């Protein structure tokens with residue numbers, strides 16, 4: 001709808017609605033992954049699907065290169081067409097969601113055991129048809145659940161800030177650090193290119209394409225290690241490497257030793273590690289809290305992280321870049337790097353080892369009969 005905006009207020013309204021939809025989709029996507037994907041592939045799947053955001057970013061950058069060319073379309077029309085591309089992708093995802101079954105865990109929790117059995121039978125039938133031999137589930141691992149329609153806000157607050165207080169603090173640290181890091185750099189990337197490297201605005205898309213490639217290759221190539229080496233090791237490593245790489249890149253930038261091309265290569269390297277780190281924040285939040293509050297936890301942490309990164313970081317870096325001082329921008333980069341290094345320490349010390357474990361072993365459902 002943004003492409004149909006007729007004035008500033010309608011533009012901001014449509015962007016608000018888009019943001020609300022994206023926030024809800026992040027909740028739905030990560031909940032679905034956790035509850036439908038086998039434990040031994042859960043980390044890799046979550047990281048790659050979250051990392052696929054950058055395939056869309058690359059398509060958007062490609063669209064911008066074509067449709068923002070004033071020789072092809074008038075500027076008033078070109079930017080609208082770019083937004084329509086995103087709307088088209090959203091429609092594709094809307095129809096794809098119809099193929100995804102409802103979570104059997106959610107169905108059982110809401111007293112719909114028959115539907116849950118049918119969903120499980122369908123999933124298992126597909127695997128058997130593909131030649132997979134499914135072992136019987138150990139009856140000793142069965143959990144009795146008391147059906148419920150809702151979870152009270154008091155129980156949510158108690159679970160987050162008393163029962164799982166440490167997990168909440170870990171999730172907040174990871175989410176806030178990656179949100180500031182990402183938004184500080186990505187949403188001011190075009191400003192850096194135009195302000196310090198004299199790249200014309202219609203050429204910025206060419207620099208976004210390799211940036212997006214690094215962001216997607218990171219989760220794709222490192223994702224399996226989150227299931228083998230483990231969450232704590234890989235989350236701490238990717239956060240730390242992202243922070244250290246940004247410090248080095250920022251120092252080179254401050255000294256004027258990078259060109260637009262080498263700056264882009266540096267960002268590719270940094271975000272090869274930062275992309276799986278950011279996705280791991282969503283993975284951590286979505287798999288370490290009980291079934292009843294999983295979606296709400298994702299939504300709450302996403303909102304907090306976006307509030308910090310989406311509002312504070314671009315505003316701060318916009319001011320720093322506008323100053324024209326490379327040293328000032330480096331101070332901002334150093335702060336973002338410090339946040340990532342701090343989050344790396346938190347992960348190394350306090351993150352939950354959830355790799356290859358059933359969700360119920362990571363966090364027992366609140367509705368479990370004790």
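Kindly indicate which of 196, 186 is surrounded by fewer than 20 Cβ atoms within 10 Å (Cβ to Cβ) and either touching a strand residue (DSSP E or B) at 6+ places or on another chain (Cβ under 7 Å) or within 28 Å of residue 320 (Cβ to Cβ) (or both).
It is 196.
For the range 208-221, a residue qualifies if it is modelled with pLDDT under 90 and surrounded by 21 or more Cβ atoms within 10 Å (Cβ to Cβ), and the qualifying residues are 208, 211, 212.
If I ask for residues that are part of a loop (DSSP other than H, G, I, E, B) and exposed (fewer than 12 other Cβ atoms within 10 Å of the Cβ), which ones from the range 96-126 would you list?
Result: 100, single match.
Scan the range 308-321 for residues that are in contact (Cβ under 8 Å) with a residue 12 or more places away in the chain, surrounded by fewer than 17 Cβ atoms within 10 Å (Cβ to Cβ) and over 15 Å from residue 339 (Cβ atoms) and the total you get is 1.
In the set (1) closer than 22 Å to residue 317 by Cβ; (2) surrounded by fewer than 21 Cβ atoms within 10 Å (Cβ to Cβ); (3) modelled with pLDDT of 85 or more; (4) touching a helix residue (DSSP H, G or I) at 6+ places or on another chain (Cβ under 7 Å), the condition left unmet by residue 204 is number (3). Among the residues making up the range 153-166, those that are over 21 Å from residue 358 (Cβ atoms) and surrounded by 10 or more Cβ atoms within 10 Å (Cβ to Cβ) are 155, 156, 157, 158, 160, 161, 165.
Suppose we filter 174, 68 for residues that are touching a helix residue (DSSP H, G or I) at 6+ places or on another chain (Cβ under 7 Å), within 19 Å of residue 30 (Cα to Cα) and touching a residue at least 60 places away in the same chain (Cβ under 8 Å); which single one remains?
Numbers: 68 fails: within 19 Å of residue 30 (Cα to Cα).
None of the others qualify; the one that does is 174.
Evaluate the range 348-369: report whether one residue or more is surrounded by fewer than 15 Cβ atoms within 10 Å (Cβ to Cβ), out of contact with any strand residue (DSSP E or B) (no Cβ under 9 Å at 6 or more places or on another chain) and within 14 Å of residue 243 (Cβ to Cβ). Within the range 348-369, none of the residues are surrounded by fewer than 15 Cβ atoms within 10 Å (Cβ to Cβ), out of contact with any strand residue (DSSP E or B) (no Cβ under 9 Å at 6 or more places or on another chain) and within 14 Å of residue 243 (Cβ to Cβ).
The values are calculated or read from the model by the stated rules, or taken from the named source; none is laboratory data. Given the structure is predicted, the values throughout are model-derived calculations rather than measurements. Note that we place each Cβ from the backbone using ideal geometry, even for glycine, and neighbour counts take in every protein chain shown.
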